[in-house]
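Structure first, commentary second.
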Amino acid sequence: MRVVRLLFSTLAVMALVVPAQPAAAAVVGGAIFNDPTVPARQRAIVDHDRSLINGAAAGSSIRMAMFHFNDAGVAADLVAAHDRGVDVRVVLDHSDSGTAPSKSLISALGSRVTVCTKDAACIGSKGTPIMHNKFFLFSSTLGSSNVVVQQSSNLNSGNYTALWNNAVTTVGNTALYNAYLAYFDDLAAKVKNSDYYRTVSAGAVKAYFFPRAGSDETSDTIYNMLNENVTCEGNTSTGTETGRTVIRIAMWYFSRDDIARELRDLANEKCWIEVVYTTLDAGSRGYLTGNDRIVLHQIAGAHEVHSKYLLVEGTYAGKKDSKWVMTGSHNYSNAALRENDETLLRIESASVHDQYRSNFWALRAAAS
């Protein structure tokens with residue numbers, strides 16, 4: 001049994017975000033997903049981002065940290081927001097700083113745009129890091145305050161038309177907003193630190209900011225989440241028909257063998273596990289095959305999964321019949337843990353979990 005004391009109080013959170021809301025509507029928290037196979041749904045996430053940018057009033061602030069950026073519409077929206085008196089600040093990885101939309105932002109916003117170190121990150125200073133974040137912060141937009149959008153989607157056409165992505169929006173959570181804002185400020189200041197790792201609990205949500213130093217599983221955040229918190233049996237209203245905890249993972253790149261080994265151990269303890277992935281390395285595959293309680297699904301080819309999320313339906317952190325989402329920019333790779341500027345968001349919410357579960361089922365249906 002793997003039971004720990006719950007570290008924070010549970011607050012009610014988040015219903016479905018409807019991207020095509022009237023301009024005057026307040027922001028409602030929740031999850032949103034694109035579908036690269038359906039033209040009308042390809043831009044669901046970026047359209048949501050743009051509605052929030054366009055809803056920001058003079059005197060408010062917008063912060064964007066983005067790895068790949070090549071969307072002229074978003075760039076124009078940010079410049080227009082700046083021109084109407086919104087405090088717009090942007091952090092870009094160096095790799096896309098030469099695109100036309102990036103150049104237009106740099107020209108219009110000047111020092112309000114930070115370009116991370118060439119061939120490196122803004123904070124990460126070990127190995128060959130990148131600034132891999134994809135998030136927005138809005139102090140006030142569409143009548144709502146302290147809005148955080150954490151997404152897996154970069155802002156370029158390939159992420160819309162070729163890749164499955166997700167985004168989750170939180171509204172009015174001041175502690176979470178301030179935690180992201182402090183992290184953004186450190187990115188913008190290029191605070192070099194190969195052991196930047198810190199966490200902030202904010203009600204039913206907890207944020208994790210990377211890179212994190214270490215050399216084994218004891219300092220692997222995802223491994224510890226699974227090893228210290230998941231119990232496989234004893235549920236009555238969630239999980240399998242026999243009350244076993246279900247773990248679902250959608251992952252662009254999976255190569256941390258310690259996570260795979262822990263998933264196999266949990267399967268041996270009667271958890272049920274499904275993984276939808278684009279790339280799975282040989283070591284991790286070795287742990288995840290040959291067990292009847294682990295099912296693997298690959299999405300490759302014209303449309304691939306780019307999301308990076310983990311769902312727990314069952315017992316987590318000592319809470320039976322609970323539902324959790326862990327999502328963000330964080331792949332299950334060594335670089336995401338030890339080198340890159342990354343963010344991971346953990347959410348306890350039945351409604352948000354079920355939105356992600358529906359997306360997982362769609363991914364599973366699209367997999368080979």
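Each value in this text was obtained by applying a stated rule to the coordinates, not by laboratory testing. None of the values given here were measured: they were computed from a predicted structure. Glycine gets a Cβ as well: all are built from the backbone with ideal geometry, and neighbour counts include every protein chain shown.
Quick rundown of the values:
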| quantity | calculated |
| --- | --- |
| Cross-link reach list, lysines versus LYS126, counting only Cα pairs under 17 Å and skipping chain neighbours closer than eight places | LYS118, LYS190, LYS192 |
| Within the chain: Cβ-based charge dipole about Cα centre, in debye rounded to nearest 20 (Lys, Arg +1; Asp, Glu -1) | 320 |
| Reciprocal of mean inverse Cα separation for the range 30-195 (Kirkwood radius, Å) | 15.9 |
| Rounded tilt (10° steps) of 72-83 against the dominant C-alpha axis of the chain | 60 |
| On Cα atoms only, tilt of 44-55 relative to the major axis of the chain in degrees | 40 |
| Residues with amide H under 5 Å from that of ASN70, placed H, sequence gap 5 or more | LEU155, ASN156 |
| Dipole in debye (nearest 20) - the range 30-195, about Cα centre, beta carbon charges: Lys, Arg +1; Asp, Glu -1 | 140 |
| Cα-centre dipole for the range 217-366 with unit charges at Cβ (Lys and Arg positive, Asp and Glu negative), debye to 20 | 320 |
| Karplus-derived HN-Hα couplings along the range 151-163 (A = 6.51, B = -1.76, C = 1.60, θ = phi - 60°), whole Hz, x at Gly and Pro | 9, 8, 7, 6, 10, 8, 4, x, 5, 8, 9, 10, 10 |
| Selection from ALA162, VAL295, THR238 lying farthest towards where the dipole of the chain points positive, charges on Cβ | THR238 |
| Tensor-based shape of the range 217-366 (alpha-carbon gyration tensor, a/c under 1.5 rounded, otherwise prolate or oblate) | rounded |
| Cα long-axis angle, helix 100-109 against the chain (0 to 90 degrees, to the nearest 10) | 60 |
